[in-house]
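Beneath this line is the structure, given in structure tokens, with notes to follow.
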RNA sequence: GCCGAGGUAGCUCAGUGGUAGAGCGCGGCCCUGAAAAGGCCGGCGUGGGGGGUCCGAUUCCCUCCCUCGGCA
């Protein structure tokens, strides 16, 4: 019999963390975070990591374990997550993945090509070329070496053009070919994926309310600290709240404008997350009202599983 | 009450006698080693109400309503 693995996802601020702990208790699970920002240490408030109250109840993994000065990525996440799955199952418990980073989920569920193909210097060089000669220059090159990839990538999507060229230069193989080589965990395990969903207006409201809480918990001090210690990594620096507050620190606009931008960017992010989730037909949707208690939601999911 | 300005998209506004745009917002989509990133697409509208002129009005005229500023 296949071991069970549960995913609990949903847009940011939907209330995943609270529900997850209730669910974990019912199914004897340990939680593995699936969040590209909560993985960082020193960003507890800005990334809305589950706090000690929840972490005392259930063991959480892959949470606050990477220094914010370091780069991290989907492949590294996959390696870490696979290890955690084994460890937790060995203990006789169920792995419960919780988080909203679609790419990390996808790379775990469906795999990623496993060729070491990353070269920061090469990448830097490609970006410089894109700036000097325009991204269409790189796109032309991609059309020649990997027409299949070029067909899928928009000429303005510099990031993916650079990535495709980077892979080709390192491996000599087109990324479009490598990308077909992926193997996920869905064959090996009995995977169920639940996604919390809430009316858009209510979600936007929750995002705004959560932001107030973040300020009360010391958001400003935390983000200031991020700038004062080691250099902030590129990935960590992309967390919503950091660039917005930095503009305020530098006097480009006032605090209320910084808040407005944070809320807007978070709402846009939530929209993109939902687009990603909608595409995955394996997902089982859990519609929640605004006032439903986490325990009640957890119970509904529990019923689906058992 | 009088004088002036104005009522066009969710907001701020542009424009035209041939049924309307822009920015922001909002919505949809793409995504394989930076993913809270990066990229693409969409106008989402009884043009304040009513009447008139005209082949035809959002545009011109009349009237009513509302908002803002000034005078009382």
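The values are calculated or read from the model by the stated rules, or taken from the named source; none is laboratory data. In this text the structure is predicted, and so the values were computed from the model without any measurement. Glycine also receives a Cβ, built like all others from the backbone with ideal geometry; neighbour counts cover every protein chain displayed.
Which residue, of A:86, A:71, is part of a helix (DSSP H, G or I), in the same structural domain as residue A:9 (by TED's automatic domain parsing) and farther than 27 Å from residue A:14 by Cβ?
A:86
Need the failing condition index for residue A:130 against (1) part of a helix (DSSP H, G or I); (2) under 26 Å from residue A:198 (Cβ atoms), just the number.
(2)
Give the residue, chosen from A:57, A:65, that is within 30 Å of residue A:211 (Cβ to Cβ), surrounded by fewer than 16 Cβ atoms within 10 Å (Cβ to Cβ), out of contact with any strand residue (DSSP E or B) (no Cβ under 8 Å at 6 or more places or on another chain) and at pLDDT 95 or above.
Sole residue among the options that is within 30 Å of residue A:211 (Cβ to Cβ), surrounded by fewer than 16 Cβ atoms within 10 Å (Cβ to Cβ), out of contact with any strand residue (DSSP E or B) (no Cβ under 8 Å at 6 or more places or on another chain) and at pLDDT 95 or above: A:57.
Name the single residue that is surrounded by the most Cβ atoms within 10 Å (Cβ to Cβ) among those in the range A:272-298 being over 16 Å from residue A:201 (Cα atoms), more than 14 Å from RNA strand B (Cβ to nearest atom) and in contact (Cβ under 8 Å) with a residue 12 or more places away in the chain.
By that ranking, first place goes to A:297.
Take the conditions outside any loop (DSSP other than H, G, I, E, B), at pLDDT below 95 and over 19 Å from residue A:260 (Cβ atoms) and apply them to residue A:194. Does it pass?
No; evaluated as a whole, the condition is false for this residue.
What do you reckon, is residue A:266 in a helix (DSSP H, G or I), under 20 Å from residue A:196 (Cα atoms) and out of contact with any strand residue (DSSP E or B) (no Cβ under 7 Å at 6 or more places or on another chain)?
It is true that residue A:266 is in a helix (DSSP H, G or I), under 20 Å from residue A:196 (Cα atoms) and out of contact with any strand residue (DSSP E or B) (no Cβ under 7 Å at 6 or more places or on another chain).
I'd like the residue in the range A:216-248 that is touching a helix residue (DSSP H, G or I) at 6+ places or on another chain (Cβ under 8 Å) and surrounded by fewer than 18 Cβ atoms within 10 Å (Cβ to Cβ) and, out of all such residues, is farthest from residue A:49 (Cα to Cα).
For the range A:216-248, the residue satisfying everything is A:247.
For the range A:229-263, which residues satisfy the criterion of being closer than 21 Å to residue A:101 by Cβ, in contact with a strand residue (DSSP E or B) (Cβ under 9 Å, 6 or more places away or on another chain) and outside any helix (DSSP H, G or I)?
Passing the criteria: A:233, A:239.
For residue A:114, which of the numbered conditions (1) under 22 Å from the mean Cα position of the chain (by Cα); (2) within 8 Å of RNA strand B (Cβ to nearest atom); (3) surrounded by 17 or more Cβ atoms within 10 Å (Cβ to Cβ) fails to hold?
For residue A:114, the exception is condition (3).
Confirm whether residue A:258 is more than 26 Å from residue A:5 (Cα to Cα), more than 13 Å from RNA strand B (Cβ to nearest atom), over 22 Å from the mean Cα position of the chain (by Cα) and surrounded by 15 or more Cβ atoms within 10 Å (Cβ to Cβ).
It is true that residue A:258 is more than 26 Å from residue A:5 (Cα to Cα), more than 13 Å from RNA strand B (Cβ to nearest atom), over 22 Å from the mean Cα position of the chain (by Cα) and surrounded by 15 or more Cβ atoms within 10 Å (Cβ to Cβ).
Taking the range A:12-34 on its own, how many of its residues are within 13 Å of RNA strand B (Cβ to nearest atom) and touching a strand residue (DSSP E or B) at 6+ places or on another chain (Cβ under 8 Å)?
Final tally of qualifying residues: 5.
Here is a list: A:76, A:29. Which entry is in the same structural domain as residue A:242 (by TED's automatic domain parsing) and surrounded by fewer than 21 Cβ atoms within 10 Å (Cβ to Cβ)?
Answer to the selection: A:76.
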